[in-house]
Amino acid sequence: MDTLTELADEAAGCTRCDLYARATQTVFGEGQPGAAIMLLGEQPGDQEDKQGHPFVGPAGRLLDRALDEADISRADVYVTNAVKHFKWTERGKRRIHQRPNTTEIRACGFWLDAELGAVRPRLVVLLGAVAGEAMFGSRFRVGEHRGKAEEAALGGWQGLAVTTIHPSAVLRGPDADSRDRAYAGLVSDLVVARQAAAGS
Ligand code: URA
């Protein structure tokens, strides 16, 4: 069995924080072992929690479209989340996403370190503030880092990180105009990531 499959099997029984208790399952990272680019999201959403795969819901579909436009093939990257269990609160019949806290992000850092060690990507794309916190700590602000290739290190891994907004932020835009602008920004940050990962 390869290292990533072993890690995913081990993570399936993770109780490092309390989030496992209300989640359907651990949603571990997936993708190309040895990928040059790792995409790091926040945590699985409702659909990901049910299906057991990262970025397969509405935010994932938008991310796929943005990757396509930035000329990055999802088949060539490794996709994961800073936190691997869905944290939610009940609103009527719906399960509403809740931001993971610093303790939960740190607890799940164990798995992120392991994924970075196994995949050894040249570059990590940080999709939003929680991914940024997982990489750079709790003082991280998206606006201060966005759209540039920066040196980064975590656990035994060293490489580059490019920060961008979370795809859900595009979906949450108040009108079509602001959603279009946010989407264009996401695509252009992904282009920066592709070029930096290729060393250009
Ligand atoms: N949002 C995330 O951050 N990750 C997913 O896998 C889905 C939605």
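Assorted remarks:
- Cβ crowding within 10 Å averaged over residues, with 173-185, 44-56 ranked highest first: 44-56, 173-185
- For the stretch 1-39 versus the stretch 53-111, the inter-centroid distance based on Cα atoms is 12 Å.
- At a probe radius of 1.4 angstrom, the accessible area of the chain per residue rounds to 49 square angstrom.
- Carbon/sulfur fraction of accessible area - the stretch 4-199, other protein chains in place, 1.4 Å, %: 46
- With the simple model of a label 7 Å out from the Cα in the direction of the Cβ, Y20 to N101 spans 2.0 nm.
- Cut-off 14 Å between beta-carbons: net charge of the residues surrounding G52, Lys and Arg +1, Asp and Glu -1: -3
- For the stretch 4-199: lysine pairs under 24 Å (alpha-carbon distance), excluding those fewer than 8 apart on one chain: 4
- Prolate/oblate/rounded label for the stretch 102-200 (Cα gyration tensor, a/c 1.5): oblate
- Note: relative contact order over the chain, using C-alpha pairs below 8 Å and six or more positions apart, is 23 percent.
- F136 sits among other residues whose Cβ lies under 15 Å from its own Cβ, and their net charge, with Lys and Arg +1 and Asp and Glu -1, is -1.
- Taken one residue at a time, the phi angles of the stretch 145-160 give Karplus couplings (6.51, -1.76, 1.60, θ = phi - 60°) of 10, 4, x, 10, 7, 10, 5, 8, 8, 8, x, x, 8, 9, x, 10 Hz. Gly and Pro are set to x.
- Signed unit charges on C-beta, dipole axis of the stretch 4-199, positive-most listed residue G155, L116, H145: H145
The values are calculated or read from the model by the stated rules, or taken from the named source; none is laboratory data. Everything numeric here is computed off the predicted structure, so don't read it as measured data. In this analysis, Cβ positions are derived from the backbone assuming ideal geometry, glycine residues included, and neighbour counts consider all displayed protein chains. Just so you know, the surface numbers come from the protein's heavy atoms only, side chains and all, with ligands and any DNA or RNA stripped out. Shrake-Rupley method; radii C 1.70, N 1.55, O 1.52, S 1.80 Å.
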